[in-house]
């Protein structure tokens, strides 16, 4: 069995498992804020991190806010990492991360300086924007010699990093994997989603008839993955690619269904054994419509919620952050379920789901035994993860 140890976690809900746990179940997210910092003249609701991030001593190509956010998440798991890595060959420790931005912000700042001054700033290095930078920086920082790479498949990236980490352990390539994701806010990504008319100026409203787009956010989540027993294991994952459209999902939910069905099969679970579903739930017209079809068909009656109104859509980091929220749910002593924050005005044109009301607790005395999390990305790149309490 492949175990997921307590994650390092930072997002709009706060920093650290204990803080995030408190705010998640209270539906209190101090980082959801309206600002035009990344879209001058057009204020948008974003999931921001305002606390100071650690300074990182790194070569110029690895100096980025993205890697600073990664460092903040890793600091939370540094002690258990040292314990688990003691005595291991550095070639047997892997780093697999999901990201979609890397150092784009630094590139934006550098180009603005060039436009103003005619030259790129002295501290800029084009390698800051390399998608592999987060994994390479962390591996270098820890002196590792095992596989170290980033997956960039848009919104499924870090969920796929967890599946990839499980495969590295399962096939004997690695004994310990640092897996997760990191993404930071950037004008580039906000402009891109705005061009698709997919960004909401107000708090996103998943599965409502009034939904009109996403809130983009930033954050990082890191897990230690190993065969050393822990409270939670990754027992299932399923991946599919429907290739329906470059940005829109297959409207019948067929790709999502294949991913969910494969995760259930790998975990050896039936729908009745899943106690909670963390929905991808972007609040776009097309995602929510197709996801409701898939979840209603394969997981009927299972309590579900989208946590994106509390974190923003953290793009490449979303899958790992939402897996961390599932980890928190599975280990919650009070059996609480993450609430679905919306206006309550259900869309009659999409399949109804049992969305979690604030204050809801798991129906069993033992709490949630297994949780499923979905992530669906551009190009019909789909993944579902199943986390199970051990």
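Mind counting the residues in the stretch 239-254 that are in contact (Cβ under 8 Å) with a residue 60 or more places away in the chain and either buried (at least 23 other Cβ atoms within 10 Å of the Cβ) or at positive phi (or both)?
Taking the stretch 239-254 and keeping what is in contact (Cβ under 8 Å) with a residue 60 or more places away in the chain, we get 239-247, 249-250.
Subsequent filtering for residues that are either buried (at least 23 other Cβ atoms within 10 Å of the Cβ) or at positive phi (or both) retains 243, 249.
Summing the residues that are in contact (Cβ under 8 Å) with a residue 60 or more places away in the chain and either buried (at least 23 other Cβ atoms within 10 Å of the Cβ) or at positive phi (or both) in the stretch 239-254 gives 2.
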Quiz item: Out of (1) buried (at least 18 other Cβ atoms within 10 Å of the Cβ); (2) touching a strand residue (DSSP E or B) at 6+ places or on another chain (Cβ under 7 Å); (3) assigned to a loop (DSSP other than H, G, I, E, B), what's the single condition that is false for residue 228?
Solution: (1)
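Please list, ordered by residue number, the helices (runs of 4 or more DSSP H) wholly in the stretch 285-390 having 2 or more residues that are closer than 22 Å to residue 269 by Cα. Let's see the steps before the verdict.
Details: elements: 285-298, 308-311, 318-330.
Counting at least 2 such residues, we get 285-298, 318-330.
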Practice problem: Identify, from the list 129, 84, the residue that is more than 29 Å from residue 238 (Cα to Cα) and in contact (Cβ under 8 Å) with a residue 24 or more places away in the chain. | Solution: 129
Exercise. Taking the residues in the stretch 292-319 that are under 18 Å from residue 349 (Cα atoms) and out of contact with any strand residue (DSSP E or B) (no Cβ under 7 Å at 6 or more places or on another chain) as candidates, determine which candidate is surrounded by the fewest Cβ atoms within 10 Å (Cβ to Cβ).
Key: 300
Quiz item: What number of residues within the stretch 126-139 satisfy the criterion of being surrounded by fewer than 20 Cβ atoms within 10 Å (Cβ to Cβ) and over 20 Å from residue 164 (Cβ atoms)?
Solution: 2
Quiz item: Got a number for residues in the stretch 22-43 being buried (at least 22 other Cβ atoms within 10 Å of the Cβ) and either over 18 Å from the mean Cα position of the chain (by Cα) or under 20 Å from residue 276 (Cβ atoms) (or both)?
Solution: 2
Quiz item: Is it the case that the stretch 359-368 has a residue that's surrounded by fewer than 17 Cβ atoms within 10 Å (Cβ to Cβ), in contact (Cβ under 8 Å) with a residue 12 or more places away in the chain and within 19 Å of residue 310 (Cα to Cα)?
Solution: yes
Exercise. Test residue 113 against the criterion of being out of contact with any helix residue (DSSP H, G or I) (no Cβ under 8 Å at 6 or more places or on another chain) and either crowded, with 21+ Cβ neighbours inside 10 Å or in contact (Cβ under 8 Å) with a residue 12 or more places away in the chain (or both), and give yes or no.
Key: no
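Where in the stretch 57-175 are the helices (runs of 4 or more DSSP H), entirely inside, with at least 1 residues that are more than 23 Å from residue 188 (Cα to Cα) and at pLDDT 95 or above?
On the way: elements: 65-75, 78-85, 104-117, 133-142, 157-170.
Per the criteria, 65-75, 78-85, 133-142, 157-170.
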Quiz item: How many of the residues in the stretch 38-58 are farther than 22 Å from residue 328 by Cβ and in contact (Cβ under 8 Å) with a residue 24 or more places away in the chain?
Solution: 9
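Condition (residue is part of a strand (DSSP E or B), out of contact with any helix residue (DSSP H, G or I) (no Cβ under 8 Å at 6 or more places or on another chain) and either at pLDDT below 95 or within 23 Å of residue 315 (Cβ to Cβ) (or both)) applied to the stretch 205-217: is it met by at least one residue? Even if it seems obvious, please write down each step before you answer.
If we filter the stretch 205-217 for residues that are part of a strand (DSSP E or B), which is where we start, we get 208, 214, 216-217.
Checking which are out of contact with any helix residue (DSSP H, G or I) (no Cβ under 8 Å at 6 or more places or on another chain) leaves us with 208.
Checking the rest, the ones that are also either at pLDDT below 95 or within 23 Å of residue 315 (Cβ to Cβ) (or both) come to 208.
Yes, that holds for at least one residue.
Out of curiosity, is residue 285 out of contact with any helix residue (DSSP H, G or I) (no Cβ under 8 Å at 6 or more places or on another chain) and within 26 Å of residue 164 (Cβ to Cβ)?
On the way: out of contact with any helix residue (DSSP H, G or I) (no Cβ under 8 Å at 6 or more places or on another chain): yes; within 26 Å of residue 164 (Cβ to Cβ): no.
It is false that residue 285 is out of contact with any helix residue (DSSP H, G or I) (no Cβ under 8 Å at 6 or more places or on another chain) and within 26 Å of residue 164 (Cβ to Cβ).
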Exercise. Look through the stretch 342-358, keep the residues that are touching a residue at least 60 places away in the same chain (Cβ under 8 Å) and touching a helix residue (DSSP H, G or I) at 6+ places or on another chain (Cβ under 6 Å), and return whichever of them is surrounded by the most Cβ atoms within 10 Å (Cβ to Cβ).
Key: 353
Quiz prompt | Residue count, the stretch 231-247 (criterion: at pLDDT below 95 and either more than 19 Å from residue 382 (Cα to Cα) or assigned to a loop (DSSP other than H, G, I, E, B) (or both)) | solution = 6
Quiz prompt | Set 250, 220: member being under 22 Å from residue 310 (Cβ atoms) and in contact with a helix residue (DSSP H, G or I) (Cβ under 9 Å, 6 or more places away or on another chain) | solution = 220
Quiz prompt | Conditions (1) more than 25 Å from residue 228 (Cα to Cα); (2) in contact with a strand residue (DSSP E or B) (Cβ under 6 Å, 6 or more places away or on another chain); number of the one not met by residue 110 | solution = (2)
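The values are calculated or read from the model by the stated rules, or taken from the named source; none is laboratory data. Here the structure is a predicted model, which means the values were calculated and not measured. In this analysis, Cβ positions are derived from the backbone assuming ideal geometry, glycine residues included, and neighbour counts consider all displayed protein chains.
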